[in-house]
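Below: one structure, written as structure tokens.
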Amino acid sequence: MSNAHDGPERGFRLSDLIYDTRYRSLTIQIITLILVMLGVLWLVDNVIANFALLGKDFNFSFLGQRAGYDIAQTLIPYSNDDTHARAALVGLLNTLWVSFLGCVAATILGVVAGILRLSKNWLISRLMTIYVEAFRNVPVLLWILVAVAVLTELTPSPAAYRGEHPAASMLLFDTVAFTNRGTHIPGVEFSRGLGVIDTPLAPISLNFLAFAAVVLLSLWANRKLRAHAARVQSATGLRPATWWKSALVLFVPAIVLLAALGMTLNPPVLERFNFTGGVDVSNALVALWLGLTLYTGAFIAEIVRAGIMSVSRGQSEAAFALGLRPNRTMKLVILPQALRVIVPPLISQYLNLTKNSSLAIAVGYMDLRGTLGGITMNQTGREIEAILLMMLIYLAVSLAISGVMNLYNRSVKLKER
């Protein structure tokens, strides 16, 4: 009996790049990549040629030139004798600061509003519905302008706080004053400081580093305490009381450190024409923060409501059958399961808030858009370089936020066995 043998295998041919399905997709991708690169090279060559016609070149040497303009609200030392690079750094820090404050406040507001929208109380749920629909259907720029108009037109002038019977009075034991020139809050001073480390970017307070270290250690100790309570509960069925231990671990070390450093509050004091002392927070920063918080909080509220509704009703019924109260059921049963639905769209809202902070130029708050993409670009005439650098910075910030939130998302997602 003869055995049938397959014919010799055919070698690779150039026509296989088109007709063979094993190579066709790779060929298409390579051709597309080459076309895209050629397009980018053509754009770059066109820009360089146009620059040459205008007598300009493409470089970033302007960042080392003297800025020559002032910035009202800064987180690090800055003067108009500093460079444009320093001004851009100040603007970037202002952007990160208002974005951080907005993300924290919007998250708290959104979670509360999203839960209250599901309340069985008709009045509360309708009020939250009005808030959500009103703020998310009006452009955020309008809410920022409304906020700055309210802070400027409806708040008293510093002169209203003067006299035996002033028309306005300070709040929180005469430590906070809202005026049409800004918000004046107490400053923090230390009579026994640990010193300051001078760095090229900004002086670093050792008091702040010590306080941050104590807070981190307290959080770590509280986490270990709660983990121990969870193990005891798993072994015995009874969870030991940890609220007073957590309070001691979280607050006592920080209070002892601040007392040892001699911390005192420096409240604002009304002088001849304005308040002095304390910390002066500009109305532009407050208005931008309020507008971004209220606008983004409305979207987060809908995300939280959708996440809670995605959890099966049987989960809450089982928790109630075990004797858990509604607030404990929401905290321990519903929200942990809803996070897998809430976190992914929440990342997009954080990114939107960070990018929407560029609207600060509308109220005069000097962020990255106002410094590098505004005054610096107009003074130096380096439009392409400034815009390109600003785009890269926003891209890096957005990727960093996405990376951190994706790590958190992986930590809270459901673990399959």
**Request:** Taking Rg/Rh (Cα atoms, Kirkwood Rh) as the quantity of interest, determine which of [x] 1.04; [y] 1.08; [z] 0.98 was computed from the displayed structure.
**Result:** [y]
**Message:** Counting other C-beta atoms within 10 Å, and keeping those with at most 11, which DSSP coil trypsin sites (Lys or Arg not before Pro) do you find in region 117-194?
**Reply:** K120, R192
**Asked** Hey, what did region 196-273 get for relative contact order, percent, Cα under 8 Å, at least 6 apart?
**Response** 27 percent
**Request:** Using a Förster distance of 51 angstrom, determine the FRET efficiency expected from the C-beta separation of V196 and A321, and round it to 0.05.
**Result:** 0.30
**Complete:** the chain accessible area per residue, 1.4 Å probe, protein heavy atoms, integer Å², reads 63 Å²
**Asked** What stretch of the chain, leaving out the sites themselves, is the longest with no chymotrypsin sites (Phe, Trp or Tyr not before Pro) in a DSSP loop having at most 10 other Cβ atoms within 10 Å?
**Response** 13-172
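At a 1.4 Å probe, what is the % contribution of carbon and sulfur to the accessible area of the chain? Don't skip to the answer; put the middle values down first.
Working: 17380 of 26140 Å².
Of the solvent-accessible surface of the chain, carbon and sulfur hold 66 percent.
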**Asked** Over region 103-204, what is the relative contact order in whole percent, taking alpha-carbon pairs under 8 Å and six or more residues apart?
**Response** 13 percent
**Request:** Give K331/K413; K331/K355; K120/K331; K245/K331; K56/K355 a once-over and call out the pairs whose C-alpha atoms are over 28 Å from each other.
**Result:** K331/K355; K56/K355
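Which of the helices in the chain, when you take each full DSSP H run, stretch at least 18 Å along the axis at their Cα atoms and have an average Kyte-Doolittle score of 0.0 or higher?
Working: long enough: 21-53 (49 Å, 1.38); 84-117 (47 Å, 1.54); 122-136 (21 Å, 0.74); 140-153 (20 Å, 2.50); 206-236 (45 Å, 0.68); 243-260 (25 Å, 1.90); 283-309 (38 Å, 1.42); 335-356 (30 Å, 0.37); 383-412 (43 Å, 1.35).
Helices passing the filter in the chain: 21-53, 84-117, 122-136, 140-153, 206-236, 243-260, 283-309, 335-356, 383-412.
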**Prompt:** How big is the shadow of the Cα convex hull of region 171-262, averaged over all directions, in nm²?
**Reply:** 10.0 nm²
**Asked** For the chain, what is the mean residue ellipticity at 222 nm derived from helices alone (per DSSP H run of n ≥ 4: -39500 (n - 2.57); sum divided by total residues; nearest 500 deg cm²/dmol)?
**Response** -20000 deg cm²/dmol
**Asked** When the chain is modelled as a GNM with alpha-carbon springs shorter than 10 Å, which of L35, L172, L324 fluctuates the most?
**Response** L35
**Complete:** Inverse of <1/r> over all distinct C-alpha pairs of region 50-133, i.e. the Kirkwood Rh in Å, gives 17.0 Å
**Fill in**
Subtracting the Cα-Cα distance of V214 and N274 from 0.36 nm times their residue separation yields 17.9 nm
**Item:** the chain: most fluctuating residue of E164, E271, E189 per GNM, C-alpha cutoff 10 Å
**Value:** E164
**Fill in**
Residue span A254 to T380: 0.36 nm per residue of separation minus Cα-Cα distance leaves a gain in nm of 40.6 nm
**Asked** So if we plug the beta-carbon distance of T175 and L392 into 1/(1 + (r/R0)^6) with R0 = 45 Å, what FRET efficiency do we get, rounded to 0.05?
**Response** 0.60
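The values are calculated or read from the model by the stated rules, or taken from the named source; none is laboratory data. On a predicted model such as this, the values are computed, not experimentally measured, just so you know. So basically every Cβ, Gly included, is an ideal-geometry build from the backbone, and we count neighbours across all protein chains shown. The protein model used for the area step is the full one, side chains on, heavy atoms only, and it has no ligands, DNA or RNA in it. Shrake-Rupley method; radii C 1.70, N 1.55, O 1.52, S 1.80 Å.
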